[in-house]
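These notes concern the structure reproduced below.
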Amino acid sequence: MGKYVFGVDIGGTTVKIGLFDREGCVLDKWEIPTVKDNEGTSILPDVAQSIIDKMKEKGIGQEDLEGIGVGAPGAVDGDGNVVNGAVNLGWKSFNIPKALNAYIDVPVKAANDANAAALGEMWQGGGKGYSNMVAVTLGTGVGGGIIVDGNILTGACGAAGEIGHIHMNDEETDVCGCKNRGCLEQYASATGIVRLAKMRLEKDDDPSVLREGEVSAKAVFDAVKAGDKVALEVAGQFGMYLGKGLANVATIVNPEIFVIGGGVSKAGEILLTFVVPEYQKYVFSGCRDAKFALAELGNDAGIYGAARLVLG
């Protein structure tokens, strides 16, 4: 049994890498550029070389290493092997452990990056102490990861947990990034909140600080904290969509806790005051006791979760 594990989180711009002990303490972390030229063929060799260099620096032998976990921005099968393409990396479908083992021969397990982040939050973040959890990432889009009995729920082809694309509105005319209309992501992401705010501002001439500068999700929640009436209405809409969407999720997987992360979550606890009442309004009675918490690991959630993949 190895003493150490590496967690790798592959992003479109940088690859984050962390060295952990078995208890989940991060001993070192760093980043390398994501080189996407030639369909991303140098990404995994670069990762392997960076890990090998770190092992030499730290005096870690291959026998000391339990393995390497990898979070990738694409659908990964339930065995933690095959990534079914990652468009923003230029990747087609291939076996990540097999590819990485060509450079470093240790156990490797992979997962979708949002699922890995969810696992990280369960292990050492906002969901610590729980084994049935839904992680929600409110960023440019709405991402999700579902943990059942301590394990990632991947689904048949790795697409489970895509809660941003739950259908919420039959009347929507604008198209979501997924090509459907009326997805949760169109209302509860950072861009969705801006969209709701702009629609509200166009509705009438009610005074609002949101008319004074660039509208952003942060600006909306800053205005909410200042008691701005229009911003409060926008936050109410956001809360209704997200609360109702998570109520639908709860009816299927019955989590102990929802952990809310991503850039929008930086608004803090006030965010939950708009979401939880709406969740309670729509949720099935047997799922009403689910707790809500904010994510704690920030941008490191992916490396924590990737490391946890290998430890089982």
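The values are calculated or read from the model by the stated rules, or taken from the named source; none is laboratory data. Remember, it's a predicted structure, so these values are computed and weren't measured experimentally. Cβ: placed from backbone, ideal geometry, glycine included. Neighbour counts: every protein chain shown.
Filtering region 231-265 to residues that are in contact with a Pro (Cβ under 8 Å, 6 or more places away or on another chain) and under 20 Å from Met199 (Cα atoms) leaves only Gly239.
Scan region 210-226 and tell me whether some residue there is in contact with a Lys or Arg (Cβ under 6 Å, 6 or more places away or on another chain), among the β-branched types (Val, Ile, Thr), surrounded by 13 or more Cβ atoms within 10 Å (Cβ to Cβ) and part of a helix (DSSP H, G or I). No; the residues of region 210-226 include none that is in contact with a Lys or Arg (Cβ under 6 Å, 6 or more places away or on another chain), among the β-branched types (Val, Ile, Thr), surrounded by 13 or more Cβ atoms within 10 Å (Cβ to Cβ) and part of a helix (DSSP H, G or I).
Residues in region 84-115 that are in contact with a helix residue (DSSP H, G or I) (Cβ under 6 Å, 6 or more places away or on another chain), surrounded by fewer than 15 Cβ atoms within 10 Å (Cβ to Cβ) and part of a helix (DSSP H, G or I): none. Evaluated against (1) under 19 Å from Ala219 (Cα atoms); (2) in contact with a strand residue (DSSP E or B) (Cβ under 7 Å, 6 or more places away or on another chain); (3) free of Cβ contacts under 8 Å to residues at least 60 places away in the same chain, Ala267 falls short on exactly one condition, (2).
For (1) in the same structural domain as Val276 (by TED's automatic domain parsing); (2) part of a strand (DSSP E or B); (3) among the basic types (Lys, Arg), each residue gets a yes or a no:
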{"position": "Glu121", "(1), (2), (3)": "no, no, no"}
{"position": "Val134", "(1), (2), (3)": "yes, yes, no"}
{"position": "Thr137", "(1), (2), (3)": "yes, yes, no"}
{"position": "Gly144", "(1), (2), (3)": "yes, yes, no"}
{"position": "Ile147", "(1), (2), (3)": "yes, yes, no"}
{"position": "Ala156", "(1), (2), (3)": "yes, no, no"}
{"position": "Gly161", "(1), (2), (3)": "yes, no, no"}
{"position": "Gly164", "(1), (2), (3)": "yes, no, no"}
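When Lys56 is tested against (1) of a type in the set (D, E, K, R); (2) touching a residue at least 12 places away in the same chain (Cβ under 8 Å); (3) assigned to a helix (DSSP H, G or I), exactly one condition is not met: (2).
Please verify whether region 21-30 includes one or more residues that are surrounded by fewer than 16 Cβ atoms within 10 Å (Cβ to Cβ), in contact with a Ser or Thr (Cβ under 8 Å, 6 or more places away or on another chain), outside the structural domain of Thr137 (by TED's automatic domain parsing) and in contact (Cβ under 8 Å) with a residue 12 or more places away in the chain. Within region 21-30, one or more residues are surrounded by fewer than 16 Cβ atoms within 10 Å (Cβ to Cβ), in contact with a Ser or Thr (Cβ under 8 Å, 6 or more places away or on another chain), outside the structural domain of Thr137 (by TED's automatic domain parsing) and in contact (Cβ under 8 Å) with a residue 12 or more places away in the chain.
Criterion applied to Gly227, Gly213, Gly177 was being within 22 Å of the chain's Cα centre (by Cα), assigned by TED's automatic domain parsing to the domain that holds Glu269 and not aliphatic (A, V, I, L, M), and the one residue passing it is Gly177.
Run down Leu246, Leu232 and say which single residue is buried (at least 21 other Cβ atoms within 10 Å of the Cβ) and in the same structural domain as Asp170 (by TED's automatic domain parsing).
Working: Leu232 fails: buried (at least 21 other Cβ atoms within 10 Å of the Cβ).
Going through Leu246, Leu232 in turn, just one is buried (at least 21 other Cβ atoms within 10 Å of the Cβ) and in the same structural domain as Asp170 (by TED's automatic domain parsing): Leu246.
So in region 191-210, with the set limited to residues that are among the aliphatic types (A, V, I, L, M) and within 28 Å of Phe284 (Cβ to Cβ), which one is farthest from the chain's Cα centre (by Cα)? Reasoning before the result, please.
Residues of region 191-210 that are among the aliphatic types (A, V, I, L, M), as a first pass: 193-194, 196-197, 199, 201, 209-210.
Narrowing further to those that are within 28 Å of Phe284 (Cβ to Cβ): 193, 196.
On the way: Ile193: 18, Leu196: 22 Å.
Within region 191-210, the match that is farthest from the chain's Cα centre (by Cα) is Leu196.
Checked against the criteria, Leu184 counts as out of contact with any Leu (no Cβ under 6 Å at 6 or more places or on another chain), closer than 29 Å to Asp300 by Cβ and in contact (Cβ under 8 Å) with a residue 60 or more places away in the chain.
Considering only region 1-46, state which residues are closer than 24 Å to Asn88 by Cα and either acidic (Asp, Glu) or in a helix (DSSP H, G or I) (or both).
First pass over region 1-46, keeping only residues closer than 24 Å to Asn88 by Cα: 6-18, 29-46.
Hits for region 1-46 are Asp9, Glu31, Asp37, Asn38, Glu39, Gly40, Ile43, Leu44, Pro45, Asp46.
Selection within region 63-106: residues that are modelled with pLDDT of 90 or more and acidic (Asp, Glu). The member of this set that is farthest from the chain's Cα centre (by Cα) is Glu63. Residues in region 189-206 that are in contact (Cβ under 8 Å) with a residue 24 or more places away in the chain and charged (D, E, K, R): Arg200, Asp206.
Scanning region 59-82 for residues that are part of a strand (DSSP E or B), of a type in the set (A, V, I, L, M, F, W, C) and under 16 Å from Gly18 (Cα atoms) yields Leu65, Ile68, Val70, Ala72. The single condition among (1) closer than 23 Å to Glu296 by Cβ; (2) acidic (Asp, Glu); (3) surrounded by fewer than 14 Cβ atoms within 10 Å (Cβ to Cβ) that Glu121 does not satisfy is (3).
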